[in-house]
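Here is the structure we will look at.
What follows draws every value from the coordinates through simple rules; no lab data is involved. What you see is a predicted model; the values in this text were computed from it and never measured. Note that each Cβ is placed from the backbone with ideal geometry, even for glycine, and that neighbours are counted across all protein chains shown.
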Amino acid sequence: MQAPAMRFAHRLTLLPAIVLALAMFAVPVAFVSAEAVLTPDFSLAHFERFFSRAAYLSVYRNTLFVSAAVATICLAVGYPMALFVVSQPARRRPLLLFLVLVPLWMSILVRTYAWMVVLGREGIVNGALQWLGFTDQPLTLMFTTGAVYVAMVQILLPIMVVTCYSAMTEIDPGLVRAARVCGASPFAAFRKVFLPLSLEGAVTGWSVIFILSMGFFIVPALVGGRRDVLLGNMIVNQVGQANWGFAAAMAIVLLVSTVLLLALVRLVLGRFLYSPREM
């Protein structure tokens, strides 16, 4: 009698999580989906409009490209940073992690405005370049694709560092030492032992940043140019025009893209990380 009671109690503890998932995800998605296909009447006209016009598809492709590029840059910068933190003595790690996480405590809007100050015509970068004599006129750094990349990477980089760091701390240091004892060079021990074991955290971090980048709209709106419009900006624009059905359809496109990405990542992880390999 105790076993069924324990199972029931265990399932009961999951009830708050289920209710929260329904309230925060399932119900909003259901309302957005209904808005996309029922406004004004039941049809797929909004999706047909989106996929039949080159301008919308161009923005969608640009959103995918920018999201992938930002995630890749964050991986290239964040993985070495996480590796550096892990290699430090245990007493130094909390301070280093604190410095990494400090930007996350500030609003994205505040950090974006800070980049406007740094990259503006009268900003810090242009002032320093003119003071050093590298240029006579202020450079156009704002409202460019480069400004979008810089701001998005700075905003999302801490997430990559923390994700990679969490995966690296789970690796047994004795495995790397054993590889060294067996004659492997430091680089070979890293490439054949440490890197494969930390790859799951790196791929997870890349996926999280890609998904977050797909929904960005504040950064492109404030520091980007005309060519840097993302799908999030189009959704906000349609909501501002009270075009709820079309905005909902684009939101569903974003959601489906996210789900497909997660499925692809799971497939890749299952095939290349967990499949048996020949020694």
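For region 71-98, which positions are farther than 17 Å from G201 by Cα and either assigned to a helix (DSSP H, G or I) or out of contact with any Leu (no Cβ under 8 Å at 6 or more places or on another chain) (or both)?
Just the residues of region 71-98 that are farther than 17 Å from G201 by Cα, to begin with: 88-96, 98.
Passing the criteria: P89, A90, R91, R92, R93, P94, L95, L96, F98.
Take region 169-197 and flag every residue that is within 30 Å of the chain's Cα centre (by Cα) and among the basic types (K, R).
R191, K192
Take region 106-137 and flag every residue that is assigned to a loop (DSSP other than H, G, I, E, B) and charged (D, E, K, R).
Passing the criteria: R121, E122, D136.
Whether any residue in region 148-161 is assigned to a loop (DSSP other than H, G, I, E, B) and surrounded by fewer than 19 Cβ atoms within 10 Å (Cβ to Cβ) is what I want to check.
As a first pass, look at region 148-161 and keep what is assigned to a loop (DSSP other than H, G, I, E, B): none.
For region 148-161, residues assigned to a loop (DSSP other than H, G, I, E, B) and surrounded by fewer than 19 Cβ atoms within 10 Å (Cβ to Cβ): absent.
Listed here are the residues, each with its yes/no results for (1) of a type in the set (V, I, T); (2) within 18 Å of the chain's Cα centre (by Cα); (3) outside any helix (DSSP H, G or I).
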position: L199; (1), (2), (3): no, yes, no
position: A202; (1), (2), (3): no, yes, no
position: F210; (1), (2), (3): no, yes, no
position: R227; (1), (2), (3): no, no, no
position: I235; (1), (2), (3): yes, no, no
position: Q238; (1), (2), (3): no, no, no
position: A249; (1), (2), (3): no, no, no
position: L255; (1), (2), (3): no, yes, no
position: L260; (1), (2), (3): no, yes, no
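Within the bounds of region 96-113, is there any residue that is small (G, A, S) and exposed (fewer than 10 other Cβ atoms within 10 Å of the Cβ)?
Yes, there is a match, as at least one residue in region 96-113 is small (G, A, S) and exposed (fewer than 10 other Cβ atoms within 10 Å of the Cβ).
Just to check your reading of the model, which residue among G146, G174 is over 19 Å from I209 (Cβ atoms) and either touching a Leu at 6+ places or on another chain (Cβ under 9 Å) or not hydrophobic (A, V, I, L, M, F, W, C) (or both)?
So the residue among G146, G174 that is over 19 Å from I209 (Cβ atoms) and either touching a Leu at 6+ places or on another chain (Cβ under 9 Å) or not hydrophobic (A, V, I, L, M, F, W, C) (or both) is G174.
List the residue pairs whose Cβ atoms are under 8 Å apart, where the first residue sits in region 142-168 and is farther than 14 Å from L104 by Cα, the second is in a helix (DSSP H, G or I) and acidic (D, E), and the two are 6 or more positions apart or on different chains.
Final answer for the pair search is T144/D228; T145/D228; V148/D228; A167/E200.
Given the criteria among the acidic types (D, E), more than 28 Å from V176 (Cα to Cα) and in contact (Cβ under 8 Å) with a residue 12 or more places away in the chain, does E35 qualify?
Yes.
In region 243-257, which residues are under 16 Å from R61 (Cβ atoms) and touching a residue at least 12 places away in the same chain (Cβ under 8 Å)? So that I can check it myself, show each step before the final result.
Going residue by residue through region 243-257, those that are under 16 Å from R61 (Cβ atoms) are 250, 253-254, 256-257.
Matches in region 243-257: M250, V253, L254, S257.
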